[in-house]
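A.B. asks: What follows is a structure written as structure tokens; I'll ask about it next.
Please treat every number below as a calculation from the coordinates, not as lab data. As the structure is a prediction and not an experimental result, all values here were calculated from the model. For neighbour counting, all protein chains shown are included, and Cβ atoms are generated from backbone atoms with ideal geometry for every residue, glycine included.
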Amino acid sequence: MKKIFTIVGARPQFVKAAVVSRVIHSTPDIEEILVHTGQHFDKNMSDIFFEEMEIPKPNYSLGINSMSHGQMTGAMLGELEKLMLEEKPDTVLVYGDTNSTLAGALAAIKLHIPIAHVEAGLRSFNMQMPEEINRILTDRVSTWLFCPTQTAVDNLKTENFSNGIYLTGDVMFDAARYYYPKRKRPEISGIQEGEYILGTIHREENTKNTENLKRIIDAINHVHQNIKPVVVPMHPGTMKKIKDLDIRIDFHMIPPVSYFEMIWLIDNCKLVVTDSGGLQKEAYFFNKFCVTMREQTEWIELVENGVNKICGTDSNMILDAIGSFMTAEFKGVAGIYGDAHAGSKIIAELLK
């Protein structure tokens, strides 16, 4: 019996883990120990995902959140090390680029446990992003590097990685395909299918920088008033900051929605405006243009194919990009993110 110790902590990781965990639980001779660090703790950011997405409730919930990056990573590292010593897994499986990812990788490598990193090889080339540091360090200590795109593979080879690189496709694409039939309209008044723009604002470089946040909200207010209604599911922390700063909101600012509701919102919107990483891809999965409010992206293939524009927090650039996409015809390129069987490929490699 092979024991896989899976670590999740943030909302996107629940979606990714749902794909791989479903394969694990349908495969003989594998046991999964699922650990939720607690990095996201709001019900719609966490608990509801386990209920809706058919993920078994975690074997362990650590409840570690609301700390600085260093404190959080250190607290997770200590608790995860204890659990690994107790459970004695064959493999530690981590996802993406959060503090939970890095803490899991550090705990495992110091105990000489092989690490599998799902979504390896991504690079924004911006070392000011905590996520960039987390993903680079995690890649460096991992045995299996499961890459979602050829660009990710190329990044690793450029950095002189040679072994353990696997092009599997993106588990988020698996999830979008699998859960699409379960999409569900959220309770939002005043929007019509195909006649609204979907937005998100959560990136630390935007939410902790007051001027960036104000520029983004000014642009979204203008879009809502003059182009199309805008719906923005907002992280509770960002909601609080907007309220504290007394920033005027004209658009539909709503609490976080479930994954099934988010699929509906993406599928039925006109286009997406975001500072997220994952939502850039999900827009593409549903044939939607994306305006990215960051200075760079890990998903450069979307920019190269003309379906994503990088605008930073410049209000004029954001408005120009939205305007250009409103009348454009979406022409996506198939196969960028694999064939929706990434989860099966990952487990097949781990079993070899």
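A.B. asks: Please list, ordered by chain and number, the residues whose modelled amide H lies under 5 Å from the amide H of V273; skip anything fewer than 5 residues away on the same chain.
C.D. replies: L198, G199, T200, V291
A.B. asks: Using a Gaussian network model of the chain whose springs link C-alpha atoms within less than 10 Å, name the residue from S124, S100, S189 with the highest mean-square fluctuation.
C.D. replies: So, out of S124, S100, S189, the one fluctuating most is S189.
A.B. asks: Quick check: Cα centre of the range 285-335 to Cα centre of the range 54-117, how many Å?
C.D. replies: Taking the Cα centre of the range 54-117 as reference, the centre of the range 285-335 is 34 Å away.
A.B. asks: Going by alpha carbons, how many degrees (0 to 90, nearest 10) lie between the helix axis of 236-245 and the longest principal axis of the chain?
C.D. replies: The angle comes out at about 40 degrees.
A.B. asks: Straight-line reach from K241: which lysines have Cα under 26 Å away, leaving out those fewer than 8 places along the same chain?
C.D. replies: K241 reaches K43, K208, K214, K228.
A.B. asks: Would you be so kind as to identify which of G164, L85, H112 lies farthest towards the positive end of the dipole of the chain, taking Lys and Arg as +1 and Asp and Glu as -1 on Cβ and the Cα centre as origin?
C.D. replies: Farthest towards the positive pole: L85.
A.B. asks: How high is the relative contact order of the range 98-202? Use alpha-carbon pairs under 8 Å, at least six apart in sequence, and give a whole percent.
C.D. replies: Relative contact order here is 23 percent.
A.B. asks: Which net charge results when you count Lys and Arg as +1 and Asp and Glu as -1 among the other residues whose beta-carbon is under 15 Å from that of F5? Before the final figure, lay out the partial values.
C.D. replies: Numbers: positive: K2, K3, K82, K88, K110; negative: E31, E32, E79, E81, E86, E87, D90.
In short, -2.
A.B. asks: Let me ask you something else. I'm checking a number: the convex hull volume of the Cα atoms of the range 182-326, normalised per residue, in Å³. What is it?
C.D. replies: Details: hull volume 14.5 nm³, N = 145.
For the range 182-326, the hull spanned by Cα atoms encloses 100 Å³ per residue.
A.B. asks: W264: net charge of surrounding residues, Cβ under 11 Å, Lys/Arg +1, Asp/Glu -1, itself excluded?
C.D. replies: +1
A.B. asks: Using packing as a proxy for protection, rank 52-60, 304-312 so that the peptide with the highest average count of other Cβ atoms within 10 Å comes first.
C.D. replies: 304-312, 52-60
A.B. asks: Per residue, what volume in Å³ does the convex hull of the Cα atoms of the range 94-230 enclose?
C.D. replies: On the way: hull volume 22.4 nm³, N = 137.
Cα convex hull per residue, to the nearest whole number: 163 Å³.
A.B. asks: Looking at the chain as a GNM with Cα springs under 10 Å, which of G74, G237, G194 has the largest mean-square fluctuation?
C.D. replies: Maximum among the listed residues: G237.
A.B. asks: Considering the options I188, N134, N206, tell which one lies farthest towards the positive end of the dipole of the chain, charges being +1 on Lys and Arg and -1 on Asp and Glu at the Cβ, about the Cα centre.
C.D. replies: Result: I188, furthest along the dipole toward the positive end.
A.B. asks: How much mean residue ellipticity at 222 nm does the chain get from its helices, if each DSSP H run of length 4 or more adds -39500 (n - 2.57) and you divide by all residues, to the nearest 500 deg cm²/dmol?
C.D. replies: Result for the chain, helices only: -13500 deg cm²/dmol.
A.B. asks: Hey, what did the range 182-326 get for relative contact order, percent, Cα under 8 Å, at least 6 apart?
C.D. replies: Value for the range 182-326: 26 percent.
A.B. asks: Step through the table entries K82/K240; K57/K281; K2/K82; K157/K309, compare each Cα-Cα distance with 30 Å, and write down the pairs that go over it.
C.D. replies: From the list (K82/K240; K57/K281; K2/K82; K157/K309), the Cα-Cα distance tops 30 Å for K82/K240.
A.B. asks: Report the charge-dipole magnitude of the range 181-309 in Debye, nearest 20, computed about the Cα centre from +1 at each Lys and Arg Cβ and -1 at each Asp and Glu Cβ.
C.D. replies: It works out to roughly 260 debye.
A.B. asks: Give the distance, in whole Å, between the Cα centre of the range 268-282 and the Cα centre of the range 200-266.
C.D. replies: So the two Cα centres are separated by 13 Å.
A.B. asks: Relative contact order for the chain: what percent, with Cα pairs under 8 Å and sequence separation of 6 or more?
C.D. replies: In percent, rounded to a whole number, it is 16.
A.B. asks: So what J values fall out for the range 3-16 if you push phi through Karplus, 6.51 cos²θ - 1.76 cosθ + 1.60 with θ = phi - 60°, rounded to Hz, Gly and Pro as x?
C.D. replies: My calculation for the range 3-16 gives 10, 10, 9, 9, 10, 10, x, 10, 3, x, 5, 5, 5, 5 Hz in order.
A.B. asks: Please report, to one decimal in angstroms, the Kirkwood hydrodynamic radius of the range 52-142 built from all distinct Cα-Cα pairs.
C.D. replies: 13.7 Å is the Kirkwood radius here.
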